[in-house]
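For reference, the structure discussed in these notes is given below.
The values are calculated or read from the model by the stated rules, or taken from the named source; none is laboratory data. Just so it is clear, the structure is predicted and the values come from calculations on it, not from any experiment. Don't worry about glycine lacking a Cβ; one is built from the backbone with ideal geometry, like all the others, and counts go over all protein chains shown.
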Amino acid sequence: MFKSCKTLLFVFSVFASAILPAPALAEHAAQRGAEKSSPFARYIGASQEVILKALELVGVRYRMGGDDPLVGLDCSGFVRLVYQDAVDLPLPRTAREQSRMGAEVAARSELKPGDLVFFNTARRAFSHVGIYLGDDYFLHAPSSGGAVRVENMQKRYWLTRYDGARRLLGKHPD
């Protein structure tokens, strides 16, 4: 229990530093009256909603084919539920189908919070999906006996199985 609380606190701090706007930036945008209309503000708002919704589901048990948090979620059911509830974006049911949505993220160094990250965990490409948090961490519903949790993409297991990423929330300004 202590380890998972510590992990959640760490993830929240990473999330906050990665995508929450700095007070000066938010104040500047508000002064210009552009906070809701600028591409930066829209992206930040949508990615925040996605990450917050995903974090709400930490601890929900895994269930193959699951798409209901009361019964259990599989990886694609988790991602689908998060995007539907957070930003009203319907996604296909399987990880493979989800891997065809949005825009390709060409390099891992270009990943942004809210991007979908894909892995080969079942001897076939794009067989597993999660939601990128920032600083090489992602949220996912792992496998039988597990629960929705945060993982480090730098772990050997994930490094060797990484298939790519897709951005669904629009282009993030640099």
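Out of Gly164, Gly134, one residue alone is among the small types (Gly, Ala, Ser), over 25 Å from Arg63 (Cβ atoms) and surrounded by 20 or more Cβ atoms within 10 Å (Cβ to Cβ). It is Gly134.
Considering Ala106, Ala141, Ala125, the condition of being farther than 19 Å from Leu52 by Cα and in contact with a helix residue (DSSP H, G or I) (Cβ under 9 Å, 6 or more places away or on another chain) is satisfied by Ala125 alone. Considering each residue of the range 69-90, count those that are among the polar types (S, T, N, Q) and part of a loop (DSSP other than H, G, I, E, B), and give that number. Number of matching residues: 0. For the range 64-73, filtering for residues that are in contact with a Ser or Thr (Cβ under 9 Å, 6 or more places away or on another chain) and buried (at least 16 other Cβ atoms within 10 Å of the Cβ) leaves 1.
Restricting attention to the range 136-162, the residues that are among the β-branched types (Val, Ile, Thr) and outside any helix (DSSP H, G or I) total 2. Given the options Ile51, Ile44, Ile131, name the one that is over 23 Å from Lys155 (Cβ atoms), among the β-branched types (Val, Ile, Thr) and either over 12 Å from the mean Cα position of the chain (by Cα) or modelled with pLDDT of 95 or more (or both). The conditions single out Ile44. Residues in the range 83-99 include at least one that is hydroxyl-bearing (Ser, Thr, Tyr) and in contact (Cβ under 8 Å) with a residue 40 or more places away in the chain. Here the range 80-122 is the region considered, the condition is being β-branched (Val, Ile, Thr) and under 13 Å from the mean Cα position of the chain (by Cα), and the residue that is surrounded by the fewest Cβ atoms within 10 Å (Cβ to Cβ) is Val87. Pairs meeting the criteria (first residue in the range 141-152 and free of Cβ contacts under 8 Å to residues at least 24 places away in the same chain, second residue part of a loop (DSSP other than H, G, I, E, B), beta carbons under 8 Å, at least 6 apart or on different chains) are Glu151/Pro142; Asn152/Asp136.
Output the residue which, of all residues in the range 137-174 that are touching a Phe, Trp or Tyr at 6+ places or on another chain (Cβ under 9 Å) and among the charged types (D, E, K, R), is nearest to Ser47 (Cα to Cα). Looking at residues that are touching a Phe, Trp or Tyr at 6+ places or on another chain (Cβ under 9 Å) and among the charged types (D, E, K, R), I get Lys171. Considering each residue of the range 61-68 in turn, none proves to be part of a helix (DSSP H, G or I) and either in contact (Cβ under 8 Å) with a residue 40 or more places away in the chain or within 11 Å of the chain's Cα centre (by Cα) (or both). Restricting attention to the range 109-122, which residues are touching a helix residue (DSSP H, G or I) at 6+ places or on another chain (Cβ under 8 Å), of a type outside the set (A, V, I, L, M, F, W, C) and on the phi < 0 side of the Ramachandran plot? Hits for the range 109-122 are Lys112, Pro113, Asn120, Thr121.
From the list Arg100, Arg124, Arg93, pick out the single residue that is closer than 16 Å to Asp67 by Cβ, assigned to a loop (DSSP other than H, G, I, E, B) and of a type in the set (D, E, K, R).
Just a single option satisfies the conditions, and that option is Arg93.
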